[in-house]
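**Student:** The structure's right below; bear with me while I get my questions together.
Throughout, read-outs are computed from the coordinates displayed, never taken from laboratory work. Predicted, not measured: the structure shown is a model, and the values here were computed from it. Note that each Cβ is placed from the backbone with ideal geometry, even for glycine, and that neighbours are counted across all protein chains shown.
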Amino acid sequence: MSRRQRGLARALACIPLLLAFTPLAARADSPAGAVAEVVVEAVVRGAIELAFDAVIPAPSPKYELVVEHIDVGEELADWIDPRTGTTSHLAHGCGQLVEVRLTGKHRDDFLNVTLFNTSSDPVAVTAHSKTIGGVHGELRQWGSHSVLAPHVGGPQIYVVRPSLIERSSGFVIDFDVSSLRTSQSCQLSVRFVRTGPVPASALTEHSYFQADYGVWIGAHLAGTGPLHGLAREVEQFDGLSFGYSPAAHHRIGLDVGLDIFAAGESAGVSLVPNYEYRAFLSRTVSYGIGGGAGPYLIALRDAPDHWTWALRGKLELRWHPGRSSGLEFGPALTCSVLPGGPFGPNRYSGELVAAQLGLWATF
Amino acid sequence: MKWGLMGYAALAVGCAAEPPRVVAQLALRGEVMISNSPMVLRPQGPRRRNGQLSFSYSFLVENSGVATAALELGEASLRVSGRAMVVPCKVAGHVYTEYLLAGQARVRVDCEISVAISAAPRNSQADAPLELSVPLELDGHREAVLLRYSLLAQDAG
């Protein structure tokens, strides 16, 4: 007999009691009637409770909540669980319901967290991570949603350290949940395991390269000013570049340039430290705009060498076929200005505009 | 005047924006969590075919307990306009009447929903809520999870 059937049977068993006591209860002015009234009320209440107990299951932890989702970018393919077709992990504990997804956009990876505080206390929630190998790291949170009021949900976004994603086979996110009322704290963990190969395949969206070096070859398109007389004989503009990106959108570099004049009769060598701002058109295409200044040596076959200064602006487009290749390609346009005046001989001042094609190795 | 017109235009555009069909839901039954995030992250409108509106409602189920939970997919039902109808639900492309979800396991369930076009609201300001009920049994207790979806006036064509 099921729980529901048992409850209904008990409720039905109360009917004879009701039939016996109801006529007495009708005479409520007598002592027997008063007793009967109490008995009838108790029996009716009990029967109702039993009947409802039969229909409504015993209470168990049950929450059903409407919350807000915010997602940054697309899910990282290498971390998608084939059973669910998503990177999503669900967890509960410490009075919290948590859903965590791993996404990437351009060169950043994110932990998208949807939290719901089911407790009656306001709580502060912070997350930190460790790879399965044991390397700990703080996650950088976007926004200021770390405090949740009772029975309130909301999204949290964390920027994930590249080292956590790139070469690890898995990592754990620990959520520290602290009650702001009792100061008690509790930890809730969510474990991610990579389903794709290690290191990441080209499908992984994350592509944050911290260092690069490369070569470029190109030609001058135009020259102006007193330099023009020399520049019109310029045939090539080649060079090397070295760069370091402390953040996804910022690159500090050093360009070593070589201008070939008059079929190699003369040359100009530049050493230009520069800064570049990087922006992303898609997950594989980025562009950079930047500039710098540095010394420029003009070496002429039949005249003494001259030192001057060069200012250089650059617009660059880069494409990388996938992070596993570690290579980037792309065209660039540079404009070099040799100001002359106090910075060098006026007879070598002017502007040079050049187009190049570059190849970079990235790390 | 120009700014006023632009304001009205912005308001009109804002008002004309399609209301969400699905709101994010997280549910907990015992040690089993349910999320409809696949529907939230990749919202989809119903397809019209042979007088029917069809769509797949996907949700995630994760059992963080030790005991096995039973998803009674054969009893999944959709409540529309006060009536309930049985809905076939799939796991990994197979229709199950009951799916046993072991402890520490997770799964994605896709329920194939098909309702008459007449279920869509005629009034553009209204929506017609559908409720998908999926029973699950845990430790001898049976409970249902209700997942919601809204049909919009545009679905009626």
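**Student:** In the range B:133-157, whose amide N lies under 15 Å from the spot 7 Å out along Cα-to-Cβ of residue B:23? List them in ranges.
**Tutor:** What the label zone holds, given the 15 Å backbone N cut-off, is B:146-151.
**Student:** Can you put A:302, A:238 in order of Cβ neighbours within 10 angstrom, beginning with the fewest?
**Tutor:** Details: A:302 6, A:238 16.
With the fewest neighbours first, A:302, A:238 line up as A:302, A:238.
**Student:** Using the count of nearby Cβ atoms within 10 Å as a rough guide to exposure, how do A:275, A:348 rank from fewest to most? Display every interim value, and only then the final one.
**Tutor:** Numbers: A:275 13, A:348 21.
Fewest to most other Cβ atoms nearby, the residues stand as A:275, A:348.
**Student:** For q = 0.09 Å⁻¹, what log10 I(q)/I(0) does chain B give under the Debye formula with an equal point scatterer on each alpha carbon and no solvent?
**Tutor:** At q = 0.09 Å⁻¹ the computed log10 ratios are -0.35.
**Student:** Relative contact order for chain B using alpha-carbon pairs under 8 Å, separation at least 6, rounded to a whole percent? Kindly include the intermediate steps, with their values, before the conclusion.
**Tutor:** Working: 328 pairs, mean separation 36.4, N = 157.
Relative contact order comes out at 23 percent.
**Student:** Round to the nearest 10 and give me the degree value, 0 to 90, for the angle of helix B:2-16's Cα axis relative to the longest principal axis of chain B.
**Tutor:** 30
**Student:** With +1 assigned to the C-beta of every Lys and Arg and -1 to the C-beta of every Asp and Glu, and no other charges, what is the dipole magnitude of chain B about the Cα centre in debye, to the nearest 20?
**Tutor:** Details: 15 positive and 14 negative charges, 151 e Å.
Using Cβ point charges on Lys, Arg, Asp and Glu, chain B gives about 720 debye.
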